[in-house]
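Worksheet: one structure, shown below.
What follows is calculated from the coordinates using simple rules that are stated; it is not laboratory data. This structure is a prediction, so every number in the text was calculated from the model and none was measured. Because the Cβ atoms are built from the backbone with ideal geometry, glycine has one as well, and the counts that use them run over all protein chains shown.
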């Protein structure tokens, strides 16, 4: 099931990674002194964004591994 999810629905982990990148950037911006009142939100956006980026990268890793296995099989 994981193989099908990663291989056939690659746009899901790509989308998770893109949303993660966006949240990461927004969280990073909110760390500026100007947005000091938003510090807690910034931390959570940073954590959520980093997690999304990690999940997106894991999906890409599994997709690459599965494709390499298929190429080796012929």
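Scanning the stretch 18-62 for residues that are in a helix (DSSP H, G or I) and more than 16 Å from the chain's Cα centre (by Cα) yields 29, 33, 34, 35, 36, 37, 38, 39, 40, 41, 42, 43. Considering only residues in the stretch 63-74 that are out of contact with any helix residue (DSSP H, G or I) (no Cβ under 8 Å at 6 or more places or on another chain) and assigned to a helix (DSSP H, G or I), the one that is nearest to residue 9 (Cα to Cα) turns out to be 64. The single condition among (1) surrounded by 15 or more Cβ atoms within 10 Å (Cβ to Cβ); (2) in contact with a helix residue (DSSP H, G or I) (Cβ under 6 Å, 6 or more places away or on another chain) that residue 3 does not meet is (1).
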